1. Can you report the number of residues in segment 70-95 which are more than 23 Å from HIS22 (Cβ to Cβ) and surrounded by 12 or more Cβ atoms within 10 Å (Cβ to Cβ)?
2. Answer with yes or no whether MET2 is open to solvent by 30 Å² or more (accessible area, probe 1.4 Å) and either modelled with pLDDT under 95 or not small (Gly, Ala, Ser) (or both).
3. Among (1) at pLDDT 95 or above; (2) farther than 24 Å from GLY110 by Cα, which single condition is LEU56 missing?
4. So which pairs qualify, if the first residue must be in segment 12-29 and in contact (Cβ under 8 Å) with a residue 60 or more places away in the chain, the second must be of a type in the set (Lys, Arg) and in a helix (DSSP H, G or I), the Cβ gap must be under 6 Å, and the two must be at least 6 apart or on different chains?
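The values are calculated or read from the model by the stated rules, or taken from the named source; none is laboratory data. Model, not experiment: these values are computed from the prediction. FYI the Cβ positions are ideal-geometry reconstructions off the backbone, even for glycines, and counts take in every protein chain you see. Surface accessibility is based on the protein's heavy atoms, side chains included, excluding ligands, DNA and RNA. Shrake-Rupley method; radii C 1.70, N 1.55, O 1.52, S 1.80 Å.
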Amino acid sequence: MMYKVEAIIREEKLEDIKAALHEIEINGVTAYQVMGFGAQHGYTTVVRGQEVDAMLLPKIKLEIVVSSEEWKEKTIRKIREVAYTGEMGDGKIFAYEITDAVKIRTGESGYDALQSSGEDIGKK
């Protein structure tokens, strides 16, 4: 079974998490700049002399597809370890079962679509 791990994290944690995932040999990550709120409920700022409640906070959303439950757990554990500050707004991690994946260039599917072949490395 393949899994998709999605993590909503603080912007300032992105580089640390990328490095940590690389250390455990996670090589495919998609990242988005997103806005959202949870228990934090945003913050108050001053715009043109007026106090304004900003409900949506900037965050980063990471998407990672892994080939097994073991890799799902490893990935979640590493993200949680690195993203943790102990403060509200540390984020959330979600995991979903994936039924298939297809590598567009080769047509490989399932587990094979997630693997990089030696021929892929260094080619453009």
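1. From segment 70-95, those more than 23 Å from HIS22 (Cβ to Cβ) are 86-89; that's our starting set.
Filter once more, keeping what is surrounded by 12 or more Cβ atoms within 10 Å (Cβ to Cβ): 89.
Residues that pass the stated criteria total 1.
2. When the stated conditions are applied, MET2 does not pass them.
3. (1)
4. Cβ pairs passing all conditions: ALA20/LYS78.
Here's the yes/no breakdown for (1) over 27 Å from LYS74 (Cα atoms); (2) at pLDDT 85 or above; (3) out of contact with any Pro (no Cβ under 7 Å at 6 or more places or on another chain):
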| residue | (1), (2), (3) |
| --- | --- |
| ARG10 | no, yes, yes |
| GLU25 | no, yes, yes |
| THR30 | no, yes, yes |
| MET35 | no, yes, no |
| GLN40 | yes, no, yes |
| ARG48 | yes, no, yes |
| GLU51 | yes, no, yes |
